[in-house]
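Engineer: Right, I'll just put the structure down here and ask away after.
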Amino acid sequence: MDRIQWAVISLAVALFFVMYFGCDTKPGKHKIIEKQRVENAESTNISSLLLAAKEDITTSDAPALMSLEMELESAGDDSTKVETLKSLSSMWYRLGKPAIAGHYAEEIAMLENSENAWSIAGTTYSICVQRESEAKVKEYCTDHAISSLENASSLNPANPQHKINLALVYTESPPSDNPMKGILMLVEMNKQDPDNVSVLNQLGRLAIKTGQFDKAIERLGRAVELEPGNSMSNCLYGQALKEKGDQSQASVYLARCEELTID
């Protein structure tokens, strides 16, 4: 191999190392795709939720939020922290961000460790589960709703409402390995306590949602029989009768629903 051939080979090797180690060889589009892949792999947390939410805050709301955040940082005792956290949770809920409202409610629950505080945190997160369309945020709210409601239930196992709320979270955001978990929880509660009106209402509501109107009428009729003044029972019963085609009976309970709701 002569000198010219060696020179060509050496130059090619040199150019390879320069291009590989010294230059950015990724096209712009590929860099964007890779960046998005990395960002999507990151799990949602409160920091990312707050960062995104603050981009939507109006200039009129920003000073109040900043003031509350400063108050929280300077709070010297738990009671002061709780009051500020309540204000932050309330404000974020008003601004249509139940995920963040749930976070601050959960902070209160961690300080107080009471049944009521954990229940509020869980139900606030459950509102996020119902309303949120973005998968990662919904998953975040689902996880925190479940843990909060489980904490509330552990503090007072005799209160069935926590288990009902937990079942409703599972119906709104079913586990991939057990999509019927929430409904089965409600069915089991109904077996244990057939006259629990809250359980009957939720089973009736789900039956309407899935077009099982006969089953809905049976359960909601029993609920109205047990609690004639229950607004949800009357509203759902009227809706089920209407869907079934019984307009005359439906109008009776829908009118009662309106009266009870106004009262």
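Engineer: What is segment 208-252 by shape, rounded, prolate or oblate, if you read a ≥ b ≥ c off the alpha carbon gyration tensor as root eigenvalues and call it rounded for a/c under 1.5, prolate for a/b larger than b/c, and oblate otherwise?
Structural biologist: oblate
Engineer: Divide, for segment 155-215, the radius of gyration over alpha carbons by 2.2 N^0.38 Å, where N is the residue count.
Structural biologist: Computed over Cα atoms of segment 155-215, the ratio equals 1.10.
Engineer: Let me ask you something else. Distance between Cα centroids, segment 118-178 to segment 217-263: provide it in whole Å.
Structural biologist: 27 Å
Engineer: Same structure, new question: Determine by what factor the alpha-carbon radius of gyration of segment 101-147 differs from 2.2 N^0.38 Å, reporting the quotient.
Structural biologist: Ratio of Rg to 2.2 N^0.38 Å for segment 101-147: 1.07.
Engineer: For segment 147-263, take the alpha-carbon Rg, divide it by the Kirkwood Rh, and send me Rg/Rh.
Structural biologist: Rg divided by Rh gives 1.01.
Engineer: Only sites in a loop by DSSP and with at most 12 other Cβ atoms within 10 Å count here; which GluC sites (Glu not before Pro) in segment 49-120 make the cut?
Structural biologist: For GluC sites (Glu not before Pro) across segment 49-120 that sit outside H, G, I, E and B with at most 12 neighbouring Cβ atoms in 10 Å, the list reads 55.
Engineer: So for the pair residue 177, residue 251, with labels modelled 7 Å out along Cα→Cβ, what separation do we get in nm?
Structural biologist: 5.3 nm
Engineer: Name the shape class, rounded, prolate or oblate, that the alpha-carbon gyration tensor gives for segment 54-108, where a ≥ b ≥ c are the square roots of its eigenvalues, rounded holds for a/c under 1.5, and otherwise prolate holds if a/b is larger than b/c and oblate otherwise.
Structural biologist: Oblate is the answer for segment 54-108, as a/c is 1.5 or above yet b/c matches or exceeds a/b.
Engineer: To one decimal place, what Kirkwood hydrodynamic radius in Å is obtained for segment 69-227 from all pairs of distinct Cα atoms?
Structural biologist: 16.7 Å is the Kirkwood radius here.
We did not get these values from a lab; they are worked out from the coordinates using the rules stated. Quick caveat, the model's predicted, so the values are computed rather than measured. With ideal geometry, Cβ positions are generated from the backbone for all residues, glycine too; neighbour counts draw on all protein chains shown.
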